[in-house]
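All remarks here apply to the structure that follows.
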Amino acid sequence: MGDKRVARGRRPELVDDAPGGAASAPPSSFVEVRDLRIHFPTDDGIVKSVDGLSFALERGRTLGIVGESGSGKSVTSLGILGLHNRRNARVSGEIWVGGTDIVGADPETVRKLRGRTMSMIFQDPLSSMHPFYTVGKQIVEAYRVHNDVSKQVARKHAIDMLGRVGIPNPAKRVDDYPHQFSGGMRQRAMIAMALSCDPELLIADEPTTALDVTVQAQILDLLRDLQQEFNSAIIMITHDLGVVAELSDDILVMYGGRAVEYASVDDAFHRPLHPYTWGLLGSMPRLDRERTARLNPIKGSPPSLINVPQGCAFNPRCAFRDLNDGRSETERPELVELEPGHQAACHLPLDKRRELWESEIRPKL
Amino acid sequence: MNTSKTPEPAAPAGQNAAPRPAGEALLEVDGLGKHFPVTAGLLRRQVAAVKAVDGVSFSVRKGETLGLVGESGCGKSTTGRMIMRLLDPSFGRVTFEGTDITKLSQAKLRPHRRDLQMIFQDPYSSLNPRKTVGALVGAPFKLQSIQTEHGVKKAVQELLELVGLNPEHYNRYPHEFSGGQRQRIGIARTLALRPKLIIADEPVSALDVSVQAQVVNLLEDLQDELDLTYVVIAHDLSVVRHISDRVAVMYLGKIVEIADRNDLYERPMHPYTNALLSAVPIPDPAERAGRERIRLQGDVPSPMDPPPACRFHTRCWKAQDICKQVEPPLVELSPGHQAACHFPENAAAPATGLVADATAKPDD
């Protein structure tokens, strides 16, 4: 069993550009992901959903992972929770959560961490709760798996948690079924369940995408308050840059299974250094600015993860592809630290990028 | 107020008619409503009704874009479907180019279908996976038995080119296209018969941000090129602001505010509009601290049993006794800006008097 666990998905041609290599020093941060690769072999070829991703996160802080569909953000989050079936996913690299490497750990260890040390809020609360059991029963079950307490104590805890996330009359609603809750309340119940064991890491995968704006605002407030209370680390996965700006401390922008920019929220929004981030900012209509006559979309569509373009994955869609002497077509840019705490993966000279941002991109936002 | 219309007997009281805009009205919706029956028991007796839309009135001028916003369950999609006659209204009237199409039979409606088309939200479920793009986009010609000048194939290829797709992809199937491209196929099909009015129900919400911008730009280009009129139904307030000329905000089956785009976004009058706007996350971390936020408590009440009088009073921070007793009519508080509220924001002092006047004699 032991050998199968660390299935090496790394293919020979990829070894070269893996930074660092086999370093396995203990992590300095609470969550540390190093050169994570998650590949799915299919009949059509290997889907490289995540292909060399590294980031770190401390307790009490929030990391926003942004990207379009198929950029690998959800696959990453499932990887951190150790939820990929090792029979059809090849996971390599390191995922350290509170001193344990999830990739190398045996399933039993990961299972004990899941729910207790780390837990997850899914996008669609209706399909991620069991319709057959009451909301209370599902929270009680999650709590009792990790805590040796009686049903009565667990039930009291469930009522307490439902109250904490703002469900009115929790003592009564605890016996309701998921369908009796509205969308916003189901998401609250989901959060109550995820927080029932006081996790140190909370992964929220598009937690508000299915909700209306007013309810979304409530849920974001709730996450912010709960983070202060529990001092948890939050990984917030979303495609909505507005949500990220509201909640995150750091941002990781993903494209084609890799990080293209990794910076503090302030740098990413005010001094972004990757053309894809510029593109994302330019494509959104914004309520906080004068209405522009036209949006500036990124041309084309996201790449297939089976045939990620050679060199820079974003190159075929990049508005500035002519400025890099053809390097982007052949050579994959590495994520390098350009300023303290600000990393980006792009071949364009840094000064040129700063100049483009100031002269061409920022005025049009 | 300009209530030259006869009062609509079937519509609930308190809904003033929409003002006649200056331009030529292509579409007029008057006191439109849809109640879905809720049945129970062996005999399927009606025990209640879901009041999905409960008397909405507005008009759309030729060449303009009206945005219809609101949260899920506010009746915006039902309104769109009633205009298309995909649903039969329970009461009220839809007038298109001067013809009342509310009661037309399917046969009589058919010629009008050419002029009224719809873009659907989900580009995955709105295209038949077994048909080629050519067949999908060419279907309207067959259904309406229209002779095209150089054959259907040529016409379809022109349409594909118009929406930015490769005309050579005529024989491909929907699954071979990405989400954005599929939405373009849907738009090409919508445009086949050169409609005058297009109802777009969440046209971009299933798409990624970068692709969303492409489709928004395409819709705007097509509007200029083909002189189209749009009713865009969406929940994303920033997208609606970008593409609309006028915006109507719906809450629980009623229009609570309707105004020119800039007016509505800069000086929202109805508290609900204010709350909606302040809930939109702003993609600028610098704004995080300084923003004044309005947080609505709880959820939208059930449309089966909406609150009496002002439907928003259960969640409104300005609500007083009158809001629970008297329904505020939709009143023009400043030129072209109507709101249904007893205590509107951003309104001059006399405006509040206007509301009181209109409340006192709703059938004036």
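The values are calculated or read from the model by the stated rules, or taken from the named source; none is laboratory data. Predicted model only: the values in this text are computed from it and were never measured. Note that each Cβ is placed from the backbone with ideal geometry, even for glycine, and that neighbours are counted across all protein chains shown.
Just a few scattered comments:
- Residues in segment A:282-295 that are under 17 Å from A:Glu360 (Cα atoms), at the interface with chain B (Cβ under 7 Å from one of its Cβ atoms) and crowded, with 19+ Cβ neighbours inside 10 Å: A:Ser283, A:Met284, A:Leu295.
- The condition of being in contact (Cβ under 8 Å) with a residue 60 or more places away in the chain and part of a helix (DSSP H, G or I) holds for only one of A:Ser92, A:Ser74, that being A:Ser74.
- Where helices (runs of 4 or more DSSP H) fall wholly inside segment B:170-279, the ranges with 2 or more residues that are touching a helix residue (DSSP H, G or I) at 6+ places or on another chain (Cβ under 8 Å) and among the small types (Gly, Ala, Ser) are B:179-191, B:209-226, B:271-279.
- Close Cβ contacts (under 8 Å, 6 or more residues apart or on different chains) running from residues in segment A:97-111 that are at positive phi to residues that are at pLDDT below 90 comprise A:Gly99/A:Pro26; A:Gly99/A:Pro27.
- Residue list for segment B:247-268, filter: crowded, with 19+ Cβ neighbours inside 10 Å, away from chain A (no Cβ under 13 Å) and more than 27 Å from B:Asp305 (Cβ to Cβ): B:Ala259
- So A:Ala171, is it more than 14 Å from chain B (Cβ to nearest Cβ), surrounded by fewer than 22 Cβ atoms within 10 Å (Cβ to Cβ), among the aliphatic types (A, V, I, L, M) and in contact with a helix residue (DSSP H, G or I) (Cβ under 6 Å, 6 or more places away or on another chain): yes
- The set of residues in segment A:318-365 that are out of contact with any Lys or Arg (no Cβ under 9 Å at 6 or more places or on another chain), among the small types (Gly, Ala, Ser) and assigned to a helix (DSSP H, G or I) contains only A:Ser359.
- Residues that are more than 12 Å from chain B (Cβ to nearest Cβ), touching an Asp or Glu at 6+ places or on another chain (Cβ under 6 Å) and either among the aliphatic types (A, V, I, L, M) or part of a strand (DSSP E or B) (or both) within segment A:254-265 comprise just one, A:Arg258.
- Conditions (1) among the charged types (D, E, K, R); (2) in a strand (DSSP E or B); (3) in contact with a His (Cβ under 7 Å, 6 or more places away or on another chain); number of the one not met by A:Arg116: (2)
- Residue match in segment A:186-203 (condition: closer than 27 Å to A:Ile95 by Cα, under 14 Å from the mean Cα position of the chain (by Cα), surrounded by 23 or more Cβ atoms within 10 Å (Cβ to Cβ) and not aromatic (Phe, Trp, Tyr)): yes
- Any hit, segment B:280-287, residues being in a helix (DSSP H, G or I) and within 12 Å of another protein chain (Cβ to nearest Cβ): yes
- Yes/no for B:Tyr230 being aromatic (Phe, Trp, Tyr) and touching a Gly at 6+ places or on another chain (Cβ under 8 Å): no
- Which numbered condition A:Asp267 misses (of (1) of a type in the set (D, E, K, R); (2) under 30 Å from A:Gln227 (Cβ atoms); (3) in contact with a Lys or Arg (Cβ under 8 Å, 6 or more places away or on another chain)): (3)
- Considered as a group, the residues in segment B:135-191 that are of a type in the set (A, V, I, L, M, F, W, C) and under 19 Å from B:Ser205 (Cβ atoms) include one that is nearest to the other protein chains (Cβ to nearest Cβ), and that residue is B:Phe177.
- Looking across segment A:203-250, the residues that are hydroxyl-bearing (Ser, Thr, Tyr), within 13 Å of chain B (Cβ to nearest Cβ) and assigned to a loop (DSSP other than H, G, I, E, B) come down to A:Thr208, A:Thr209, A:Ser248.
- Some residue of segment B:221-231 being at the interface with chain A (Cβ under 7 Å from one of its Cβ atoms) and either of a type outside the set (Ser, Thr, Tyr) or buried (at least 21 other Cβ atoms within 10 Å of the Cβ) (or both): no
- For segment A:94-139, a residue qualifies if it is among the small types (Gly, Ala, Ser) and under 19 Å from the mean Cα position of the chain (by Cα), and the qualifying residues are A:Gly98, A:Gly115, A:Ser119, A:Ser128.
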